[in-house]
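Single-structure report; data block below.
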């Protein structure tokens, strides 16, 4: 394996650093200073949030491969996704396959895919002359404690950093201005919504993954004047038991409609589970079918989070009235 990699590196002329230019960029990314000597031209994209940010900046043509996104299974694709011509795959390439793609940059919104034994890490990619950028919200992994709650300004800061790396800073302000305008337009729509305690269920039926305090679900919950049911947990996506969920008895449940195909991934599977499991069937939100369905791609932060806010507002406005019934809510 190592010998074949060395031969491949030599054949491709890789393995050395790229000399810094006068207009090179240096940024703090996940606590480490990273140098970006020239604007990337051939970008390998890990996870949908990274893709969404590239699309927002008009950089779809720079992508040579996208991991973790399926345009055909996205119920609410960003309009500019139609311009994407890069091949997509559910899992990142091996080292050899990655080198044959000849990327000059890997942009990842997945901690795992840059820290997995199955894929080259950032150190190895740097040795091959391939730059990397990891979304700041993914610096420590999905089950790690997060120091501060996500804001829309954090998303805009990431867009600005990418614009600097790609040398499109001036053009990078235009999409941010558009996103701010959309947020302002949503104010009137979200104002009449009642305060609700929202359970955000991402995946898993035995021990579900729910939204913790500090990611996109927390931001979206606050933005509609509600609260995330597990906003007191510091992890992005902690696991909790159904007994704990039943004790907190949410007012409504936001279901991630994931395209992966496993049991419990789709919103339909989630609803079937909730309505047939003897414990979850007692939840008020289940008895009253107070569900909001969002694409799974909406559950992680990116430029898409603004559109996700619009979908959440419409979903909450369409909920059936909340009936006064017996609650399981813990005192």
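Go through the residues of segment 208-220 one by one and say whether even a single one is surrounded by fewer than 19 Cβ atoms within 10 Å (Cβ to Cβ) and either more than 22 Å from residue 320 (Cα to Cα) or without any contact (Cβ under 8 Å) to a residue 40 or more places away in the chain (or both).
no
It is to be established whether one or more residues within segment 152-159 are assigned by TED's automatic domain parsing to the domain that holds residue 89 and either free of Cβ contacts under 8 Å to residues at least 12 places away in the same chain or in a loop (DSSP other than H, G, I, E, B) (or both).
yes
Against the definition (in the same structural domain as residue 251 (by TED's automatic domain parsing), in contact with a helix residue (DSSP H, G or I) (Cβ under 9 Å, 6 or more places away or on another chain) and modelled with pLDDT of 95 or more), how does residue 199 come out, yes or no?
Spelling it out, residue 199 is indeed in the same structural domain as residue 251 (by TED's automatic domain parsing), in contact with a helix residue (DSSP H, G or I) (Cβ under 9 Å, 6 or more places away or on another chain) and modelled with pLDDT of 95 or more.
If you go through segment 238-269, how many residues are part of a helix (DSSP H, G or I) and touching a strand residue (DSSP E or B) at 6+ places or on another chain (Cβ under 7 Å)?
2
Anything in segment 52-67 that is free of Cβ contacts under 8 Å to residues at least 60 places away in the same chain and either within 19 Å of residue 298 (Cβ to Cβ) or part of a loop (DSSP other than H, G, I, E, B) (or both)? List them, or say none.
66, 67 - these are the residues of segment 52-67 that are free of Cβ contacts under 8 Å to residues at least 60 places away in the same chain and either within 19 Å of residue 298 (Cβ to Cβ) or part of a loop (DSSP other than H, G, I, E, B) (or both).
Between residues in segment 68-80 that are over 8 Å from residue 297 (Cβ atoms) and residues that are assigned to a loop (DSSP other than H, G, I, E, B), which pairs lie under 7 Å by C-beta distance while being six or more apart or on different chains?
The qualifying pairs are 68/47; 68/90; 68/110; 70/259; 71/77; 71/84; 73/259.
Can you name every residue in segment 302-321 that is assigned to a loop (DSSP other than H, G, I, E, B) and farther than 22 Å from residue 137 by Cα?
Once the filter is applied, which keeps residues that are assigned to a loop (DSSP other than H, G, I, E, B) and farther than 22 Å from residue 137 by Cα, segment 302-321 yields 318, 319, 320, 321.
Give the number of residues within segment 41-54 that are surrounded by 24 or more Cβ atoms within 10 Å (Cβ to Cβ) and farther than 21 Å from residue 256 by Cα.
4
Got a sec? Which of 303, 308, 281, 317 is closer than 30 Å to residue 175 by Cα, loosely packed, with under 14 Cβ neighbours inside 10 Å, at pLDDT 95 or above and in contact with a helix residue (DSSP H, G or I) (Cβ under 8 Å, 6 or more places away or on another chain)?
Among 303, 308, 281, 317, only 317 is closer than 30 Å to residue 175 by Cα, loosely packed, with under 14 Cβ neighbours inside 10 Å, at pLDDT 95 or above and in contact with a helix residue (DSSP H, G or I) (Cβ under 8 Å, 6 or more places away or on another chain).
When the residues of segment 157-185 are filtered to those that are crowded, with 18+ Cβ neighbours inside 10 Å, modelled with pLDDT of 95 or more and in contact with a helix residue (DSSP H, G or I) (Cβ under 8 Å, 6 or more places away or on another chain), which remaining residue is nearest to residue 313 (Cα to Cα)?
Selected residue: 179.
The values are calculated or read from the model by the stated rules, or taken from the named source; none is laboratory data. The structure presented is a predicted model; accordingly, all values stated were derived computationally and were not measured. Note: ideal-geometry Cβ built from the backbone for every residue, glycine included; neighbour counts use all protein chains shown.
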